[in-house]
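Encoded as structure tokens, the structure appears first; notes follow it.
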Amino acid sequence: MTAAARLPLCADVSRDLNEDPIGTASHWQEVTVLELDMPLWARVRDVAGWTPQQQEVFERLRGKVEASGAGFGLLMSAPHTPGAPLRVRHYRLGPGGYARRDYASDLPQSEWARGLTDTLLEPANLRGWQEEAVPDGPDVHVCTHGTVDASCGRYGVPVFQGLGAAGLRAWRTGHFGGHRFAATAVELPSGLMWAHLTPELAVQVARRAVAPAGVARHLRGFAGLPPLAQVVDRELFVRHGWAWLSAERQATVQPGSGQGEGDEVTLTYTWRGESGAVRARVAHDLLRVPGSSHKAEWSEVKQYRVTWC
């Protein structure tokens, strides 16, 4: 009996196919980052192992999303001191990205559900936490969760290490989706999600030391906008440069007729003291890609194109 052939890493296949990752960023109004030791990541993802109290938190969060339509992000990042008490970083969408606030507690990390409750559901409870000063500069959350997909271990760890060696603030982070884009990262407070980073490119991105046009095909999108609007937003990012990230952006999407003309996106903005709007049609082609490095199934994903109205 012969051993099953090892599948190629999905991130390698994605790069070989020249997959464009734009429009694959999550859409978040808020983000909570729980500082949890890596062994806890699997427990948080183990739905069957949740306590009744933990199950209730996620039921309430599901209700919040259904009532408001506002999604939330949950990231798990390894603390700099293993075993440290629970800390949370909470980000809320605002002008030019996400506003960050940091909170420390005396709670053990096993009380992670309390961190979600107090930041996302009952913020008045944060009066019982110790608020800490927020450092300047970006936080780059790199997925290194190799037990979810081998691509993230293979490519995420060197990116995390390269950022740290360059003196930048980086976090080993649990799975947040898109492992075929490894090394993939969530950059906050800008709210940008990145794809197929190398250690060198990650440092250039964090330092804004590369032209937007040079990294456009590595951008998954701005999490403050829905997917189709992320596509239009990237065009404006390339046009206006890194300064565009300071703009306050919202968007509406009007479905097209279904005849291949695409959906109409209206992106409104306030930037440098002026308000404006752009309109574009976003259509797509389809590309077949693998779902993971561990399963043989492939599926179709959208590859977007923009036409200005």
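None of the figures in this text is laboratory data; all of them are computed from the coordinates on show. Being a predicted model, the structure only gives us computed values, none of them experimental. Please note: Cβ atoms are built from the backbone with ideal geometry, for glycine as well, and neighbour counts cover all protein chains shown.
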Exercise. By counting other Cβ atoms within 10 Å of each Cβ, how are 168, 188 ranked from fewest to most?
Worked result: 168, 188
Exercise. For segment 73-78, in order, what is each residue's ³J(HN,Hα) by Karplus, 6.51 cos²θ - 1.76 cosθ + 1.60 with θ = phi - 60°, in whole Hz (x at glycine and Pro)?
Worked result: x, 10, 10, 10, 10, 5
Exercise. So what's the net charge close to residue 255: Lys and Arg +1, Asp and Glu -1, counting the other residues with Cβ under 9 Å from its Cβ?
Worked result: -2
For this session: Please state the charge dipole magnitude for segment 124-263, taken about the Cα centre, from unit charges on C-beta atoms (+1 on K and R, -1 on D and E), reported in debye and rounded to the nearest 20.
Result: 300
Exercise. With +1 on each Lys and Arg Cβ and -1 on each Asp and Glu Cβ, how big is the dipole of the chain about its Cα centre, in debye rounded to the nearest 20?
Worked result: 420
For this session: Please list, in chain and number order, the residues 5+ apart from residue 27 or on another chain whose amide H is under 5 Å from its amide H, with Hs placed from the backbone.
Result: none
Exercise. Can you give the charge dipole size of segment 90-148 about its Cα centre, rounded to the nearest 20 debye, using +1 on the beta carbon of Lys and Arg and -1 on the beta carbon of Asp and Glu?
Worked result: 200
Seminar exercise, completed: Over its alpha-carbon atoms, segment 229-285 yields an Rg and a Dmax in Å of 12.3, 39
For this session: Please compute the net charge surrounding residue 265, taking Lys and Arg as +1 and Asp and Glu as -1 over other residues with Cβ under 15 Å from its Cβ.
Result: +1
For this session: Give, in nm to one decimal, the length gained when the segment between residue 46 and residue 285 is fully stretched (0.36 nm per residue of separation minus the Cα-Cα distance).
Result: 82.5 nm
Problem set entry | More than 22 angstrom apart: percent of Cα pairs within segment 30-132 | 28
Exercise. Tell me, what is the FRET efficiency for residue 165 and residue 242 to the nearest 0.05, using R0 = 22 angstrom and their Cβ-Cβ distance as r?
Worked result: 0.45
Exercise. How would you rank 297, 19, going from fewest to most other Cβ atoms within 10 Å of each one's own Cβ?
Worked result: 297, 19
Exercise. How much FRET efficiency would the formula 1/(1 + (r/R0)^6) give for residue 200 and residue 80, where r is the Cβ-Cβ distance and R0 is 22 Å, rounded to 0.05?
Worked result: 0.40
For this session: Once you have the Cα-Cα distance between residue 65 and residue 107, take 0.36 nm times their residue separation minus that, and quote the gain in nm to one decimal.
Result: 12.4 nm
Problem set entry | Neighbour net charge for residue 293 - beta-carbon separation under 11 angstrom, K R +1, D E -1 | +2
Seminar exercise, completed: Within segment 1-73, DSSP-loop trypsin sites (Lys or Arg not before Pro) with at most 11 other C-beta atoms within 10 Å are 6
